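The values are calculated or read from the model by the stated rules, or taken from the named source; none is laboratory data. It should be emphasised that the depicted structure is a prediction, and the values quoted were computed from it without experimental measurement. Cβ placement follows ideal geometry from the backbone for every residue including glycine, while neighbour counts extend to all protein chains displayed.
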Amino acid sequence: MISTNDFRSGMTVERDGELLQILESQHVKPGKGPAFVRVKFKNLMSGAITQETMRAGEKVPRAHLEKRTMQYLYQDGEGYHFMDLETYEQQNLTAEDIGEAVKYLKENDNAEVLTYKGGLVGVSLPASVELRVTSTVPGLKGDTVSGGGSKPATLETGYEVHVPLFVEEGDMVRIDTRSGEYLERA
C-alpha cells in the first residue's frame, strides 16, 4: 500500500481492478478544510486519462510492474510482435498498449517490455534513441552546425521530426523519447 502523500509521476497503482499510472500529482492544502491530492492517471489497459481528487493520506495498493528485455520482431494487422529472449515465446501488443513508443521501435531491436501478472502492458523507452534519417530535403551551401533553421526529416521508423539544416539522408540522429525532439547527430 502507498499513501497518496507519496505519489510521484511514473508510479503505478491498482484501483478498482484497473492498472493506473500516475502522470501528475499535486498536494493541495486549502485554508479551510482538509488537505487533498489532485491526481492525473493514465489507465494502462485502456489508455484513458482521468483526473481525480483523493483525500491526503489515503492508502492505495501499489502495482509492481516487471521489466523484461524482449526483441521487437515485426508489426502486422494483429499488433506488434515481441519475442522473450529467455523462453523464445512470442507475444503481441496493440498500438494502444505501446502508445508513443511506436515512433521509436525498430525491427529486431531489444526493448524493455512492462509486464503485470504475466501479461504485457506496455514498453519502457530509454531517454533517447538513435535512428537513421531516410528522407529529407537536401541541405544548401552554407548550412553549418552553427547556422539556424530546421527542416523536416523522416526517420527509419516512419516518424517525422525537425532537424537542423546540415543533417542529410543516411545520417544517424539521436532523438529524445520524452519530447520527440532532435538532440544531436549520432
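Would you pick out the residues in segment 142-171 that are modelled with pLDDT of 85 or more, part of a loop (DSSP other than H, G, I, E, B) and charged (D, E, K, R)?
E156, E168, E169, D171
Looking at (1) at pLDDT 85 or above; (2) closer than 14 Å to Q75 by Cα; (3) crowded, with 16+ Cβ neighbours inside 10 Å, which is the only condition I98 fails?
I98 satisfies every listed condition except (1).
Within segment 112-121, which residues are surrounded by fewer than 16 Cβ atoms within 10 Å (Cβ to Cβ), at negative phi and not charged (D, E, K, R)?
Answer for segment 112-121, where residues must be surrounded by fewer than 16 Cβ atoms within 10 Å (Cβ to Cβ), at negative phi and not charged (D, E, K, R): just G119.
Taking the condition of being surrounded by 16 or more Cβ atoms within 10 Å (Cβ to Cβ) and closer than 19 Å to T115 by Cα, how many residues in segment 12-25 meet it? Outline the logic, then answer.
Applying the first criterion (surrounded by 16 or more Cβ atoms within 10 Å (Cβ to Cβ)) to segment 12-25 yields 12-13, 19-22, 25.
Within this subset, residues satisfying the condition of being closer than 19 Å to T115 by Cα are 12-13, 19-22.
Number satisfying all stated conditions: 6.
Of everything in segment 1-47, what is among the β-branched types (V, I, T) and more than 13 Å from A63 (Cα to Cα)? Give them in sequence order.
Once the filter is applied, which keeps residues that are among the β-branched types (V, I, T) and more than 13 Å from A63 (Cα to Cα), segment 1-47 yields T4, V28, V37, V39.
Go through segment 26-48 and count every residue that is among the hydrophobic types (A, V, I, L, M, F, W, C), part of a strand (DSSP E or B) and exposed (fewer than 14 other Cβ atoms within 10 Å of the Cβ).
Here the count works out to 1.
Conditions (1) surrounded by 12 or more Cβ atoms within 10 Å (Cβ to Cβ); (2) at negative phi; (3) more than 20 Å from the chain's Cα centre (by Cα), marked per residue:
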site: T50; (1), (2), (3): yes, yes, no
site: D76; (1), (2), (3): no, yes, yes
site: H81; (1), (2), (3): yes, yes, no
site: Y88; (1), (2), (3): no, no, yes
site: V102; (1), (2), (3): yes, yes, no
site: V123; (1), (2), (3): yes, yes, no
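Has segment 66-76 got at least one residue that is among the basic types (K, R), touching a strand residue (DSSP E or B) at 6+ places or on another chain (Cβ under 9 Å) and under 13 Å from L120 (Cα atoms)?
Yes, some residue in segment 66-76 is among the basic types (K, R), touching a strand residue (DSSP E or B) at 6+ places or on another chain (Cβ under 9 Å) and under 13 Å from L120 (Cα atoms).
Could you figure out which of (1) out of contact with any strand residue (DSSP E or B) (no Cβ under 9 Å at 6 or more places or on another chain); (2) among the basic types (K, R); (3) in contact (Cβ under 8 Å) with a residue 40 or more places away in the chain isn't true of R132?
(1)
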